[in-house]
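Engineer: The structure that follows is given in the form of structure tokens.
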Amino acid sequence: MWGGRFAAGPDAIMEAINASIGFDRRLAAQDIAGSRAHAAMLGATGILDASDVAAIREGLVTVLSEIEAGSFAFRADLEDIHMNVENRLRALIGDAAGRLHTARSRNDQVATDFRLWVRDQCDAGIDGLRALQRALLDQAEAGADWVMPGFTHLQTAQPVTWGHHMMAYVEMLGRDAGRLADARARMNECPLGAAALAGTGFAIDRDMTARALGFERPCANSLDAVSDRDFALEFLAAASICAMHLSRLAEELVIWSSAQFRFVTLSDRFSTGSSIMPQKKNPDAAELIRAKIGRIVGANVALLTVMKGLPLAYSKDMQEDKEQVFDAADTLMLALAAMTGMVADMTADRAALAAAAGAGFSTATDLADWLVREANLPFRDAHHVTGTLVALAEAKGCDLPDLTLDDMRGVHPAITSGVFDVLGVENSVASRMSYGGTAPARVREQIAVWKDRLG
């Protein structure tokens, strides 16, 4: 591989640290696609004879079929996927294989392969997010008017609807899909033809190879083309935010499925038991999703750390870019699939949700708003009056609707019997008709919007 520059081969330790075929074999399909596009361009521009191009094309088809069949013999001494493919191609077609590398370098070759792979992961991630959104939409539609407690600080705040809570995650995941789509659009430029770092003296057609590989255009600067890994970092950043959202939902499922809450029941398909406690049904899938953000964020930090001190253009440090991205992509797709299964299978307990919705003085804000509307109190005064009534109910061991009208008028004489119309949780959620609010009518509007977007 090294030609005449070196008189001896590498030490075994050098070979071990230098080889990447143990992981970059995952780029085989992308590598062969890039080579086929490059060969076709070399033929179209007259740089290679048509007979060589035909031999290369057919040879690469054979190599890919061997890899897909599992019969290809990967060799660590050939370092990476590029040289493994080229070596096998030479064995199949002879000297024509050596002409394939005309007007390119492994630097632009790997940059192209890796972009193609990450681009595919963006598409797969968007598909996974859409599937999860549809599962959440089904839950939201089934419980658009089911009341449940809304929390701040994990303390009861105000009543909301189950559908509204599910739709919050639909919105989050929609932004995640948007980030992946944005990242895909920015990475959709082709490095092939940048060669080692300075371009090439051959009269190549970079637009042709870019089109053949589905890129919008060639990268405009050859130095940037081979030294950039922004596309991988942006994918990891989007994946990290998505994993954070999945972790938050997983945490809620862990809490909600506990005996203390009983808001949801997770299916047996996404739960496990205990080796010693026969009664246990553990939400292990949710807990593992909650933990997997560590791997994805870790991959993001690791690649940022690799890239932060590198001068232009290519350094061997950049070989450390792939394992983190491969692992993060695998982890994200597994977490999305597991969460989609859990959400689709889980059963919400409407009665338990409703019982909890009215606890903890959850309609206190409705009382304060009523005082503003009906008694013309400034909101800060209404807030104080309501707080006094909450303290009174707490002292009596009851909830706000259980106070008598005399109890309430003893705190403020402007209170009338009409106040009891706003203290029920059903009335509370129905009144939240502002855009984006929890009222069932608003929830159903948003469900319809998202169903239309997702098709």
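Engineer: Enter the accessible area per residue of region 358-454 (Å², integer; probe 1.4 Å; all protein chains in place).
Structural biologist: Per-residue accessible area for region 358-454 comes out at 53 Å².
Engineer: Same structure, new question: Mind checking the full-extension length gain between Thr416 and Ile13? Use 0.36 nm per residue of separation minus the Cα-Cα distance, one decimal, nm.
Structural biologist: Gain on stretching Thr416 to Ile13: 136.5 nm.
Engineer: First compute the accessible area of region 358-454 with a 1.4 Å probe, then give the percent of it belonging to carbon and sulfur atoms.
Structural biologist: Ligands and nucleic acids excluded, carbon and sulfur reach 52 percent.
Engineer: Pairs of lysine in the chain with Cα under 30 Å and at least 8 positions apart or on different chains: total? Working shown, then result.
Structural biologist: Values: Lys280/Lys292; Lys281/Lys292; Lys292/Lys308; Lys292/Lys316; Lys292/Lys322; Lys292/Lys451; Lys308/Lys316; Lys308/Lys322.
Step by step, the pairs that qualify in the chain add up to 8.
Engineer: Turning to a different aspect of this structure: Once both labels are modelled 7 Å past Cα along the beta-carbon direction, what's the Phe23-Arg175 spacing in nm?
Structural biologist: So the two model labels end up 3.0 nm from each other.
Engineer: How much length would be gained if the chain were fully extended between Ala168 and Arg90, taking 0.36 nm per residue of separation minus their Cα-Cα distance, in nm to one decimal?
Structural biologist: 22.5 nm
Engineer: With a Förster radius of 30 Å, plug the Cβ-Cβ distance of Asn376 and Ser431 into 1/(1 + (r/R0)^6) and report the FRET value to the nearest 0.05.
Structural biologist: Calculated value: 0.95.
Engineer: At 7 Å along the Cα-to-beta-carbon direction for both Ala395 and Ser51, put a label point, then send me their distance in nm to one decimal.
Structural biologist: Each label point is offset 7 Å from its Cα along the Cβ direction, giving 10.4 nm.
Engineer: Follow-up question, since we're still on this one. Per residue, how much accessible area does region 1-154 show when a 1.4 Å probe rolls over the protein heavy atoms, in square angstrom?
Structural biologist: 44 Å²
Engineer: FRET efficiency for Asp402 and Arg186, Cβ-Cβ distance as r, R0 = 60 Å, nearest 0.05?
Structural biologist: That gives a FRET efficiency of 0.55.
Engineer: State the extension gain, in nm to one decimal, for the chain segment bounded by Ala359 and Thr265, taking 0.36 nm per residue of separation less the distance between their alpha-carbons. It would help to have the intermediate numbers written out before the result.
Structural biologist: Values: separation 94, 0.36 × 94 = 33.84 nm, distance 2.10 nm.
Net length gain for the segment: 31.7 nm.
Engineer: Something else: Return one number: the angle in degrees, 0 to 90 and rounded to the nearest 10, between the long axis of the Cα atoms of helix 50-69 and the longest principal axis of the Cα atoms of the chain.
Structural biologist: For helix 50-69, the angle is close to 50 degrees.
Engineer: A further question follows. Could you tell me the relative contact order of the chain? Use alpha-carbon pairs under 8 Å, at least six residues apart, and round to a whole percent. Walk me through the numbers before you get to the answer.
Structural biologist: Working: 644 pairs, mean separation 76.5, N = 455.
Once normalised by length, the contact order is 17 percent.
Engineer: Could you derive backbone 3J(HN,Hα) for region 328-344 from the dihedral phi with the Karplus parameters 6.51, -1.76 and 1.60 (θ = phi - 60°), listing whole Hz in sequence and x where the residue is Gly or Pro?
Structural biologist: Coupling constants for region 328-344: 5, 5, 4, 5, 4, 5, 5, 5, 4, 5, 5, 5, 4, x, 5, 5, 5 Hz.
Engineer: Pop a pseudo-label 7 angstrom from the Cα along the beta-carbon direction at both Met333 and Asn221 and give the gap in nm to one decimal.
Structural biologist: In this crude spin-label approximation the distance works out to 3.3 nm.
Engineer: Sticking with this structure for a sec: Treat every Asp and Glu Cβ in region 358-454 as -1 and every Lys and Arg Cβ as +1, leave all other atoms uncharged, and give the resulting dipole magnitude about the Cα centre to the nearest 20 debye.
Structural biologist: Result for region 358-454 is approximately 440 debye, rounded to the nearest 20.
Engineer: Right, here's the next one. Helix 379-396 against the longest principal axis of the chain: what's the angle in degrees, Cα atoms only, rounded to the nearest 10?
Structural biologist: Relative to the chain, helix 379-396 is tipped by roughly 70 degrees.
Engineer: Can you list the residues, at least 5 places off or on another chain, whose amide H is less than 5 Å from the amide H of Val264, using H built in the peptide plane?
Structural biologist: For Val264, whose amide H was placed from the backbone, the distant partners under 5 Å are Ser257, Asp349.
Engineer: Efficiency by 1/(1 + (r/R0)^6): what FRET value for Asp284 and Leu310, r their Cβ-Cβ distance, R0 = 35 Å, to the nearest 0.05?
Structural biologist: 0.30
Engineer: For region 354-362, just list the computed ³J(HN,Hα) in residue order, Karplus coefficients 6.51, -1.76 and 1.60, θ = phi - 60°, integers in Hz, with x standing in for Gly and Pro.
Structural biologist: 5, 4, 6, 4, x, 7, x, 6, 5
The values are calculated or read from the model by the stated rules, or taken from the named source; none is laboratory data. What you are looking at is a predicted structure, and each value in this text was computed from that prediction instead of being measured. Virtual Cβ from ideal backbone geometry, glycine too; neighbours counted across all protein chains shown. Surface accessibility is based on the protein's heavy atoms, side chains included, excluding ligands, DNA and RNA. Shrake-Rupley method; radii C 1.70, N 1.55, O 1.52, S 1.80 Å.
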